[in-house]
Structures are given as structure tokens and as C-alpha cells.
Amino acid sequence: MRKSNQPIISRRARPAKEPLSIELIVETAYALLKEEGMSGMSMRKVAKALDTGPSSLYVYVKNLQELSAYVMDYGLSQVVLPDPGENTWKQSLFEALDAYLMLLYEHPGLAELSLTTIPIGTNSLRLSEFILSRLQEGEVTSRSAAWGLDLFLFYVSSVAFEKASWRKNGDDQISTLKTSFQSADPLRYPLIASLKEELFSGNTDSNERFRWGLEVILQGILSTRLS
């Protein structure tokens, strides 16, 4: 038998893989979400990135939905909440929701995930506690605050997802939508024709329209005091 001249490389020389853990799985899934969006959030892709089999992940998470919940909470760790003592309760509330919006907007995959997933973990609890505390300072009743929390978070998620979608698809989508409304027959659609400029106003970097939506939700909460 002829001897090979190629050097034999021992497997022991390879760098050891980091031991599998829930923290490593979540961090890997979050990185894939940022790179590929929701399509990157599959058990198969996460397992491949970790150089293991999908069955190994189920030791740490029950299913993809649970993993998504942990990933969503991991992303929320980046939300920088304001110091509630520096402003009024309302200003602090809106600043926190602004910070949440910016996080979702800058990470489109996270924006989409936020619409389908209830996060599990301390970061989600931290954000929810902050919002509820500010509403309590505003003397909002307990049930109104609890239900209002859902409204605020869902509103922010939907706005972030819409903004991310427009950015992904370019200006063509917005231009097509504007053309459709602005060319509407004024006889059949008189209100659309008269409001064709206002319908697309307020979506600038100032977030005027977003802040108006927050105000509408808040005023609705304050005027509908559930016991």
C-alpha cells in the first residue's frame, strides 16, 4: 500500500465547539433573524449554524414558537428606557415607545416577529412594567392600563413592520399607493379626492403621525376608565 504524503491532522487540533445552551441557541437564532428575516428563524437553520441536529435543540426549547418568544425577549434587551424622573409620565411613556419603535424599525425581522410572538423573559417584563408604571402615574385604572398595554405594543409593532416593509420594497410601493389614491375619481370618492394630500402626510422623520397615534390611544384609555 502506498503511503500518503499528506500530513495527518488530528481532530483534537480543531477548536472545540461551544457547549450547546439555551443562551447560545437564542443568540444564534437572533443573528439569523437579523440576517435573513423570519425565513432564518427555523429549527433546521439554527441547528445548522450550530453544527448540530434539530433534535438537539428540542432539549432546550419545546418548539419554534417558544424559541421565537425567547428571541423576541433577547432583542428587547436593546431597548433603552428613559429615566422616568426627568420628564412627565406621558413624555416618559412616549419616549419608551419611541425607543421600542426604533429597535423594531432597525431590525425588520424583529418587527415581524413582534406581531406573531409574545416574548418570554425579563426584558419583556421590564418594558411592560415601565409602561404600566407610567400609566399608573397618569391615574389610569388597573384594567384600562392592562388592556392599554396591549394596544400600545401592537400599535408600535404594526407601524414598525409597515415602515420596514416600505424600506424593503423601495419607494415604488409608496408611489403606486399614492398614485392610486391621488387619481381616484372625485365623483365616486369625493372624500379621498379632497384628502389626497393629508392621507399621506405626517410620515416624515419627525414621527408626527406615529406620535398622533400614541396620543389617540392614550386619550382613549384616559376617557374609557374601566373599573
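All Cα-Cα distances of the stretch 68-203, cut into 5 Å bins from zero to the largest, leave 2, 10, 16, 17, 15, 12, 10, 9, 6, 3, 0 percent in each bin in turn. For the pair VAL80 and SER39, label points projected 7 Å from Cα toward Cβ lie 3.3 nm apart. Could I have the simple spin-label model distance between LEU115 and TRP212, label points 7 Å from Cα toward Cβ, reported in nm to one decimal? Reported label-point gap for LEU115 and TRP212 is 2.2 nm. The mean accessible area for residues of the chain, using a 1.4 Å probe and ignoring ligands and nucleic acids, is 64 Å² per residue. A straight chain from LYS90 to GLN136 at 0.36 nm per residue would run longer than the Cα-Cα distance by 15.5 nm.
Rounded, prolate or oblate for the chain? Axes are the square roots of the Cα gyration tensor eigenvalues, ordered a ≥ b ≥ c, and the cut-off for rounded is a/c under 1.5. Cα axes put the chain in the oblate bin. Here the accessible area is traced with a 1.4 Å probe on the protein chains. For the stretch 22-76, carbon and sulfur cover 51 percent of it. With each label modelled as a point 7 angstrom along the Cα→C-beta vector, the GLN65-ILE192 pair spans 3.8 nm.
Taking a ≥ b ≥ c as the square roots of the Cα gyration tensor eigenvalues, with a/c under 1.5 meaning rounded and otherwise prolate when a/b beats b/c, else oblate, which class fits the stretch 22-76? Note, shape of the stretch 22-76 comes out oblate.
Dividing the summed -39500 (n - 2.57) terms of all DSSP H runs of n ≥ 4 by the residue count of the chain sets its mean residue ellipticity at 222 nm at -20000 deg cm²/dmol.
The values are calculated or read from the model by the stated rules, or taken from the named source; none is laboratory data. Every value quoted in this text rests on a predicted model; they were computed, and no experiment measured them. All Cβ positions, even for glycine, are placed from backbone atoms using ideal geometry, and neighbour counts span all protein chains on display. The area values use the complete protein model at the heavy-atom level, side chains included, leaving out ligands, DNA and RNA. Shrake-Rupley method; radii C 1.70, N 1.55, O 1.52, S 1.80 Å.
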